[in-house]
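What follows is one structure encoded as structure tokens, with my remarks underneath.
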């Protein structure tokens with residue numbers, strides 16, 4: 001038996017499943033999230049698998065059954081139906097350092113525009129990214145007739161990139 005490689009730094013579920021890497025099955029959580037709720041905020045420490053989990057969610061919701069062979073979602077007890085797919089919009093803010101609000105605005109517009117192209121939608125470049133995203137979700141929903149899944153990754157990176165740490169020392173001399 002060939003030993004499995006460790007997927008150090010790999011955030012692609014597809015790459016892990018097809019590249020001979022070890023994978024700890026987190027798909028029972030995918031089923032639970034989809035069946036039991038509506039909105040989630042996943043908060044775990046850095047380098048703790050959040051991006052990989054979002055990619056796993058994307059693959060499951062997009063119906064990529066071949067990647068789940070031998071995992072919980074592929075078992076009868078999961079009751080997962082890979083023929084049911086959802087339109088998934090992915091936004092990751094971790095790909096670039098944005099040092100100004102204008103750069104972040106441009107970056108968000110670029111991401112939303114790329115997602116709009118994937119779904120054959122157009123966005124108004126003259127409105128804020130927040131309104132662009134709102135319009136995109138509505139347009140994708142109207143086009144597909146399906147509930148839209150929005151996955152946002154590395155939402156905190158623009159904040160962390162722009163925090164200036166400083167230390168203020170206050171001495172009480174009285």
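Of the residues making up the stretch 44-68, those that are surrounded by fewer than 17 Cβ atoms within 10 Å (Cβ to Cβ) and either touching a helix residue (DSSP H, G or I) at 6+ places or on another chain (Cβ under 8 Å) or within 23 Å of residue 121 (Cα to Cα) (or both) are 44, 62, 63, 64, 65.
What number of residues within the stretch 74-99 are under 25 Å from residue 20 (Cβ atoms), in a loop (DSSP other than H, G, I, E, B) and touching a helix residue (DSSP H, G or I) at 6+ places or on another chain (Cβ under 7 Å)? The qualifying residues number 2. Residues that are assigned to a loop (DSSP other than H, G, I, E, B) and in contact (Cβ under 8 Å) with a residue 24 or more places away in the chain were ranked within the stretch 24-43; the one that is surrounded by the most Cβ atoms within 10 Å (Cβ to Cβ) is 26.
Scanning the stretch 58-73 for residues that are assigned to a helix (DSSP H, G or I) and either in contact with a strand residue (DSSP E or B) (Cβ under 6 Å, 6 or more places away or on another chain) or touching a residue at least 24 places away in the same chain (Cβ under 8 Å) (or both) gives 58, 59, 60, 61, 67, 68, 72, 73. Scanning the stretch 112-126 for residues that are modelled with pLDDT under 95 and surrounded by 13 or more Cβ atoms within 10 Å (Cβ to Cβ) yields one hit, 123. So, in the stretch 76-86, how many residues would count as being surrounded by 15 or more Cβ atoms within 10 Å (Cβ to Cβ) and either out of contact with any strand residue (DSSP E or B) (no Cβ under 7 Å at 6 or more places or on another chain) or within 14 Å of residue 27 (Cβ to Cβ) (or both)? Residues in the stretch 76-86 being surrounded by 15 or more Cβ atoms within 10 Å (Cβ to Cβ) and either out of contact with any strand residue (DSSP E or B) (no Cβ under 7 Å at 6 or more places or on another chain) or within 14 Å of residue 27 (Cβ to Cβ) (or both): 4 in total.
The values are calculated or read from the model by the stated rules, or taken from the named source; none is laboratory data. Keep in mind the model is a prediction, meaning the values are calculated, not measured. Because the Cβ atoms are built from the backbone with ideal geometry, glycine has one as well, and the counts that use them run over all protein chains shown.
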